[in-house]
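Visitor: The structure follows.
The values are calculated or read from the model by the stated rules, or taken from the named source; none is laboratory data. Computed from a predicted structure; not experimentally measured. Don't worry about glycine lacking a Cβ; one is built from the backbone with ideal geometry, like all the others, and counts go over all protein chains shown.
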Ligand SMILES: C[S@@+](CC[C@H](N)C(=O)[O-])C[C@H]1O[C@@H](n2cnc3c(N)ncnc32)[C@H](O)[C@@H]1O
């Protein structure tokens with residue numbers, strides 16, 4: 001990379017203008033400046049050209065948005081609840097600062113790790129091991145984005161950051177700098193099953209870390225809001241249902257492929273050949289074999305297994321009858337997978353048995369949840385070690401990078417992205433750290449794994465979490481047409497929502513947004529009504545609205561308080577008349593002529609709150625000193641635009 005091995009020319013130019021006294025003062029300042037923490041050569045490196053002071057405005061790209069064909073939110077004008085924002089995340093984060101400040105409950109990021117293997121781009125160049133300032137460039141790059149992200153977190157918000165072992169200490173010190181006093185701890189994630197050789201003779205490196213920093217009101221899974229999934233009652237105890245299976249197939253784990261028997265109703269439940277039971281069965285234990293953990297029989301006798309109280313039960317009197325039902329696929333199913341099939345082991349067993357068409361689940365009681373469910377720090381248990389789980393300890397079972405690649409390939413058919421995270425990892429983190437209605441942000445979204453994790457978690461527990469994914473195009477001078485955000489991230493979300501292969505869709509919608517940048521004085525002239533509509537909707541409803549060419553548009557409805565918020569593109573007799581007769585008791589109006597609107601309506605007997613559209617577009621876009629310079633006042637907002 002050119003210009004990386006000597007101080008940036010602008011720095012030399014600055015020094016040339018200092019006189020001897022100023023130079024001495026600067027030297028004393030440098031020599032006496034002491035601090036505990038991280039130092040990086042931010043003045044020496046080439047400026048990050050992505051940093052800018054433009055006003056950032058969102059633009060919905062209708063052709064790339066997705067809407068579920070069914071469901072309540074399927075109308076053409078209905079808001080898109082999830083957002084995908086294309087482009088450099090410096091711009092996306094500045095946009096979100098203007099629309100989602102203090103609203104994000106969980107940020108999960110998996111930034112480029114700066115491995116030296118040219119895994120990230122700075123000013124259009126891949127940064128490699130021989131770049132002299134590579135660590136400083138990486139720290140400065142992340143610092144600029146983390147300081148913006150900090151403002152987005154809710155008072156009970158948390159940021160979770162994946163990082164490899166090599167860069168963990170640097171990133172942790174950077175996080176301390178950006179989030180002073182907010183460190184919660186870190187988790188260890190086993191990212192591969194075998195070892196790897198990249199660290200030479202010393203280590204076989206197979207783990208990564210997830211650093212956790214949170215605002216004071218954050219609690220892991222202790223949030224009352226997340227209890228809405230505890231929908232079942234037994235006496236005075238409530239419980240939720242959780243999966244009894246694990247991600248191994250019948251051939252990998254033949255011992256945990258067995259029928260579960262409910263002794264109370266004498267009903268048998270067949271096992272899913274693609275996801276066997278997570279617990280051993282006494283019926284499969286060989287002489288002298290020791291079982292680690294609970295058996296399914298022990299769980300059933302402790303009444304910890306839930307059997308569907310209302311369900312279809314069938315008894316096939318003969319093998320022929322059973323085979324007929326199999327041929328019709330009229331047998332118990334798990335999603336699209338038939339659980340009885342003609343070449344299954346022990347087909348004869350099922351003849352004459354009461355067969356349950358529902359699925360048994362594990363009962364998780366809420367009782368004592370707060371204390372018992374605090375995660376422990378070695379909390380992310382690899383699937384292949386789940387038999388070692390400690391009783392009563394919160395240890396979600398998650399997959400490896402290999403599983404991440406497999407899952408992405410299943411959705412996208414071909415290898416679309418290197419080393420995506422497994423959705424199970426992010427799902428486990430989210431299940432512990434956000435409530436049902438929270439907003440989850442990933443501003444290094446890559447292939448969109450976080451979006452898939454949000455959708456899957458909602459499908460499992462009935463939540464309404466929403467995602468915001470910021471993904472770059474990854475276009476460079478050499479590959480100017482590349483667009484990972486559009487072709488991988490958004491395409492993946494579309495397939496997960498509408499279904500792919502024989503996997504049913506999880507439903508949902510997303511808006512695909514691009515960011516336009518304007519000089520502040522140009523906003524009054526060049527910002528379009530589409531920018532205004534998209535920005536106001538994001539700020540007021542945290543959703544996006546499809547474009548509309550109506551002269552007057554409803555942006556948000558606060559039914560509880562009887563307030564409608566309306567955007568007026570042109571103030572004229574027609575729009576004034578419509579405002580005069582607008583049915584909601586209270587009205588907030590955004591337009592380019594706020595004083596005229598207020599006065600003209602007042603004169604006709606209607607009082608409204610009238611706001612300047614330009615001020616609204618500039619709000620929250622004040623430049624932030626921390627995002628541009630290091631002058632000892634990091635993080636202080638500098639008044640620059642209308643707030
Ligand atoms: C390690 S990957 C994240 C992978 C992701 N967790 C997944 O499972 O697919 C980091 C991603 O950040 C993207 N990225 C790097 N710099 C970026 C920037 N300035 N703005 C937005 N994305 C960026 C990279 O292109 C890459 O896709």
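Visitor: Determine whether residue 108 is surrounded by 17 or more Cβ atoms within 10 Å (Cβ to Cβ) and closer than 26 Å to residue 422 by Cβ.
Guide: The answer is yes for residue 108.
Visitor: Taking the condition over 32 Å from the mean Cα position of the chain (by Cα) and on the phi < 0 side of the Ramachandran plot, does residue 561 pass?
Guide: For residue 561, the condition - over 32 Å from the mean Cα position of the chain (by Cα) and on the phi < 0 side of the Ramachandran plot - is not met.
Visitor: Can you report the number of residues in segment 568-610 which are touching a helix residue (DSSP H, G or I) at 6+ places or on another chain (Cβ under 9 Å), more than 30 Å from residue 522 (Cα to Cα) and assigned to a loop (DSSP other than H, G, I, E, B)?
Guide: Selection size over segment 568-610: 4.
Visitor: Out of the residues in segment 264-284 that are crowded, with 18+ Cβ neighbours inside 10 Å and in a loop (DSSP other than H, G, I, E, B), state the one that is farthest from the chain's Cα centre (by Cα).
Guide: The qualifying residue farthest from the chain's Cα centre (by Cα) is 281.
Visitor: If you don't mind, another one. Let me spell it out: the conditions are (1) under 23 Å from the mean Cα position of the chain (by Cα); (2) at pLDDT below 95; (3) not in a helix (DSSP H, G or I), and residue 132 meets all of them except one. Which number is the exception?
Guide: Among (1) under 23 Å from the mean Cα position of the chain (by Cα); (2) at pLDDT below 95; (3) not in a helix (DSSP H, G or I), the lone unmet condition for residue 132 is (1).
Visitor: With the checklist (1) within 12 Å of the ligand (Cβ to nearest atom); (2) touching a strand residue (DSSP E or B) at 6+ places or on another chain (Cβ under 7 Å) in hand, flag the one item residue 145 doesn't pass.
Guide: With (1) within 12 Å of the ligand (Cβ to nearest atom); (2) touching a strand residue (DSSP E or B) at 6+ places or on another chain (Cβ under 7 Å) applied to residue 145, the lone miss is (2).
Visitor: Now a separate question. Here is a check on your reading of the model: is residue 376 more than 16 Å from the ligand (Cβ to nearest atom), in the same structural domain as residue 101 (by TED's automatic domain parsing), touching a strand residue (DSSP E or B) at 6+ places or on another chain (Cβ under 8 Å) and modelled with pLDDT of 95 or more?
Guide: So residue 376 does not fit the description; no.
Matching residues to (1) surrounded by 14 or more Cβ atoms within 10 Å (Cβ to Cβ); (2) modelled with pLDDT of 85 or more:
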{"residue": "317", "(1), (2)": "no, yes"}
{"residue": "325", "(1), (2)": "yes, yes"}
{"residue": "328", "(1), (2)": "no, yes"}
{"residue": "332", "(1), (2)": "yes, yes"}
{"residue": "339", "(1), (2)": "yes, yes"}
{"residue": "344", "(1), (2)": "yes, yes"}
{"residue": "347", "(1), (2)": "yes, yes"}
{"residue": "356", "(1), (2)": "yes, yes"}
{"residue": "372", "(1), (2)": "no, no"}
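Visitor: Among (1) surrounded by 15 or more Cβ atoms within 10 Å (Cβ to Cβ); (2) modelled with pLDDT of 90 or more, where does residue 227 come up short?
Guide: Single failed check for residue 227: (2).
Visitor: Any chance segment 540-549 includes a residue that's under 21 Å from residue 103 (Cβ atoms), part of a helix (DSSP H, G or I) and in contact with a strand residue (DSSP E or B) (Cβ under 6 Å, 6 or more places away or on another chain)?
Guide: Yes, some residue in segment 540-549 is under 21 Å from residue 103 (Cβ atoms), part of a helix (DSSP H, G or I) and in contact with a strand residue (DSSP E or B) (Cβ under 6 Å, 6 or more places away or on another chain).
Visitor: Let me ask something else. What is the one condition in (1) surrounded by fewer than 16 Cβ atoms within 10 Å (Cβ to Cβ); (2) within 29 Å of residue 338 (Cβ to Cβ) that residue 505 does not satisfy?
Guide: Status for residue 505: all satisfied but (1).
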